[in-house]
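A.B. asks: I'd like to ask some things about the structure below.
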């Protein structure tokens, strides 16, 4: 992949050139991280983490280390690869990323 311009922060663009997989230059990335807030500020604090652990434990007790899949068949994964989606329960990081890139954005467009 070739180098590309930094995404900057918000509407402010940066003239720096970055190489993939980076999306922003180090200075803009620090600003982006500060503006984004902590996981607790985004709603993923201690209560969410406890809920997530319970949901994953119940899923693993019932189905084992198998991701139910998102737009792909169920597949075995490592126990450490489970994440809890905000409305669909446990899935692997790859399926969660696929869902975030498709369904969550489709839903945001409709609202």
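What follows draws every value from the coordinates through simple rules; no lab data is involved. Please read these numbers as outputs of a predicted model, since none were measured by experiment. Backbone-built Cβ (ideal geometry, glycine too); neighbour counts: all protein chains shown.
A.B. asks: Please give the calculated 222 nm ellipticity per residue for the chain, where each DSSP H segment of at least 4 residues contributes -39500 (n - 2.57) and the sum is spread over every residue; nearest 500 deg cm²/dmol?
C.D. replies: Taken over the chain, the calculation gives -12500 deg cm²/dmol.
A.B. asks: Taking the convex hull of the alpha carbon atoms in the chain, what volume per residue do you get, in Å³?
C.D. replies: Hull volume normalised by residue count: 153 Å³.
A.B. asks: Then there is this: At 0.36 nm per residue, and after removing the present C-alpha to C-alpha distance, how many nm does the segment from residue 71 to residue 23 gain when stretched out fully?
C.D. replies: Full-extension gain reported as 14.6 nm.
A.B. asks: Another question, then. Let me understand the stretch 46-110 better: what is its radius of gyration from the alpha carbons, and its Dmax, in angstrom?
C.D. replies: Taking only Cα atoms of the stretch 46-110, I get Rg and Dmax of 12.0, 36 Å.
A.B. asks: Right, next: Let's test the formula: R0 of 25 Å, r as the Cβ-Cβ distance of residue 34 and residue 3. What FRET efficiency results, to the nearest 0.05?
C.D. replies: 0.50
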